[in-house]
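These notes concern the structure reproduced below.
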């Protein structure tokens, strides 16, 4: 453990150094906040504590821990971190953002929930302060709000592009008739339309056991009629996936003949990889070696495991540190944040786009003999990755 932890420490400090190297590739316009890079840069961290929910409190502490870990790994950059509670509520988040800016914050990292992030962004838009939210809701992205969370669009693009490279081009979408399911469907359809693939139709199901059972017959009919070579499911391991993974093969839709692809991670919880119906499936996940290094480093520093969202706080602080290290007074402007080379985060490369969304480098993996096997590694840079 000590050996791996020392490797993790070197990785994370190396990540900050790499960030400094790729942080700025060209001069950027002086729009937005002006900072003094010779003094500690005031950064506000908005976390969902204060809601009375123990889950929110746990996430809030893990996000703060990760942010402070990132600060400790910065080389020669001083961050003055100020932490504000949002209680997970839009009005509280807006007030916290305004207070943070009034107290000198030049950029905001957080909050977590989409509605709160949207409110915070609007509250400080007139001050020219950018907000790097932990949300993955692209509906709120744009203007001064950037989402750090992994998005359905990013995952769908990665998987559809990989599928077409493997000759899989006729894709049937299966999605829950819920807001997340519809967002996932739209992301997959957008990825199909932007590629050489074609749609073999969509099947929606009610988010219930009876709804899933009823959908199996519809999926089988769509397979017989449209002959897809791929079924792309939005189902998660905590939702309909276990039932689909049993019933679709039983209905004669052989995963060895029709490729199953998941929009969410099918290796969490770990016992999911033992399900017969997911063998040979594809899904995407961050670089596992980098993720383990971060987990080890966090555990060494705090004596426990990080929340799976905490790496977003590390990424946000590390990106800010890299840009500040370049010594530019306009380091936290929109143009600087969206420079094309991107950043090295704790889960791999990422970059922020001018529309407020992000791109993250993901590995494509499969489940083989109840083990996760990498088919296509996460890219190390954005050059030639096809974004």
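None of the figures in this text is laboratory data; all of them are computed from the coordinates on show. From a predicted model like this one, the values you see are computed outputs, not experimental measurements. Glycine gets a Cβ as well: all are built from the backbone with ideal geometry, and neighbour counts include every protein chain shown.
Of the peptides 362-370, 259-267, the order by per-residue mean of other Cβ atoms within 10 Å, starting with the highest, comes out as 259-267, 362-370.
From least to most packed, judged by other beta carbons within 10 angstrom and beginning with the fewest, 175, 307 follow the order 307, 175. Here Kirkwood radius over Cα pairs in Å was computed from the coordinates, and among [x] 21.7; [y] 24.0; [z] 24.9 the match is [x].
Roughly how tilted is helix 241-250, in degrees to the nearest 10 and between 0 and 90, from the longest Cα axis of the chain? The helix 241-250 is inclined about 20 degrees to the chain. Taking only the C-alpha atoms of the stretch 37-143, Rg followed by Dmax gives 13.2, 40 Å.
Along the Cα→Cβ direction, 7 angstrom out, place labels at residue 246 and residue 353. What is the inter-label distance in nm? For the pair residue 246/residue 353, the computed spacing is 3.9 nm. Spacing of the modelled spin labels on residue 34 and residue 380, each 7 Å from Cα toward Cβ, amounts to 4.1 nm.
Of the residues 252, 114, 201, the one that moves most in a GNM of the chain with alpha-carbon contacts below 10 Å is 252. Compactness check for the stretch 298-367: Cα Rg over 2.2 N^0.38 Å is 1.29. Between helix 90-102 and the chain there is an angle of about 30 degrees, using the helix long axis and the longest principal axis of the Cα atoms.
Tell me, what is the FRET efficiency for residue 373 and residue 115 to the nearest 0.05, using R0 = 35 angstrom and their Cβ-Cβ distance as r? Given R0 = 35 Å and the Cβ-Cβ separation, E is 0.35. Annotation: the residues 309, 337, sorted from fewest to most other C-beta atoms within 10 Å of their own C-beta, follow the order 309, 337.
Under 11 Å from a point placed 7 Å out from the Cα of residue 99 along the Cα-to-Cβ direction: which residues of the stretch 53-85 have their backbone N that close? In the stretch 53-85, the label zone of residue 99 (backbone N under 11 Å from the point 7 Å along Cα→Cβ) covers 83-85. When the alpha carbon gyration tensor of the stretch 170-298 is reduced to an equivalent ellipsoid, the three semi-axes, largest first, read 25, 17, 15 Å. Across the stretch 221-368, the volume of the C-alpha convex hull divided among the residues equals 144 Å³ per residue. If you wrap the stretch 236-279 in the convex hull of its Cα atoms and look at it from every side, the mean projected area works out to 2.8 nm².
With 0.36 nm allotted per residue and the present C-alpha distance subtracted, the residue 193-residue 75 stretch has 38.1 nm of extension available. Against the main long axis of the alpha-carbon atoms of the chain, helix 288-302 sits at an angle near 50°. Counting only Cα atoms, the stretch 243-319 measures 50, 25, 18 Å along its principal axes, largest extent leading.
Spin-label model, residue 177 to residue 214: label points 7 Å out along the Cα-to-beta-carbon direction sit 0.6 nm apart. Listed by Cβ neighbour count within 10 Å, with the fewest neighbours leading, 219, 35 appear as 35, 219.
For the chain, modelled as a GNM whose springs connect Cα atoms under 10 angstrom apart, the maximal fluctuation among 284, 299, 70 occurs at 299. Applying 0.36 nm per residue to the separation of residue 291 and residue 274 and subtracting their alpha-carbon distance, the gain on full extension is 3.9 nm. Comparing 86, 178, 333 in a Gaussian network model of the chain where C-alpha atoms under 10 Å apart are linked, the largest mean-square fluctuation is found at 178.
Expected output is a single nm value to one decimal: the length gained when fully extending between residue 329 and residue 256, i.e. 0.36 nm times separation in residues minus the C-alpha distance. What is it? Difference between extended and current length: 20.7 nm. Specify whether the C-alpha gyration tensor of the stretch 35-91 places it in the rounded, prolate or oblate class, a ≥ b ≥ c being the square roots of the eigenvalues: rounded for a/c under 1.5, otherwise prolate if a/b is larger than b/c and oblate if not. Oblate shape, in that a/c is at least 1.5 and b/c is the bigger or equal ratio.
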